[in-house]
Amino acid sequence: FWNRPDAKIYLGDAGSHVIGFLLAVTALAAPRGGLDFWQQAVLVILWCAVLLFETVFITTARIAKGLPWWQGSPDHLAMRLKTHGWSASSVNLLVWVCAAGSAGAAARFGQFTPAMQWTAALAALSAALAGGALLWRLGR
């Protein structure tokens, strides 16, 4: 409620780390009846896809710039898009659609056939690579 546009309260590291930890624990603790190790790994990655994408992307960008990966920089997904004319609402919508799509796939993952599971995994990987490449070009 308090973080709706124009946000007055921000999570900061402490709040975002707690939420990230709880999401990861929830994904790891979710029942995965009958799935093998790789299927379970893909399932957890789908649950946390947007968070993992942002973490991998920003860490890679910082290292490529010769910055320590743990220091702040303006390389976040939202900052890059806003620098190129995206509104805060558009960035939020994009992130929410991506999160809903990956979480929706994760929620149904156990009901997919193995071929559909591989398709979902490859589609998520392809979207992440394409999005990362586009964001990389925007940062130059």
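Could you list all residues from region 95-113 that are assigned to a helix (DSSP H, G or I), without any contact (Cβ under 8 Å) to a residue 24 or more places away in the chain and open to solvent by 60 Å² or more (accessible area, probe 1.4 Å)?
Those that are assigned to a helix (DSSP H, G or I), without any contact (Cβ under 8 Å) to a residue 24 or more places away in the chain and open to solvent by 60 Å² or more (accessible area, probe 1.4 Å): W96, V97, A100, A107, R108, Q111.
Residues to consider are W86, W38, W69; find the one that is of a type in the set (F, W, Y), in a helix (DSSP H, G or I) and either more than 23 Å from F21 (Cα to Cα) or at pLDDT below 90 (or both).
Working: W86 fails: in a helix (DSSP H, G or I); W69 fails: in a helix (DSSP H, G or I).
From the options W86, W38, W69, the qualifying one is W38.
The values are calculated or read from the model by the stated rules, or taken from the named source; none is laboratory data. All values derive from a computational prediction rather than experimental measurement. Neighbour counts run over all protein chains shown; Cβ positions are idealised from the backbone, glycine included. These accessible areas exclude ligands, DNA and RNA; they are computed on the full protein's heavy atoms, side chains included. Shrake-Rupley method; radii C 1.70, N 1.55, O 1.52, S 1.80 Å.
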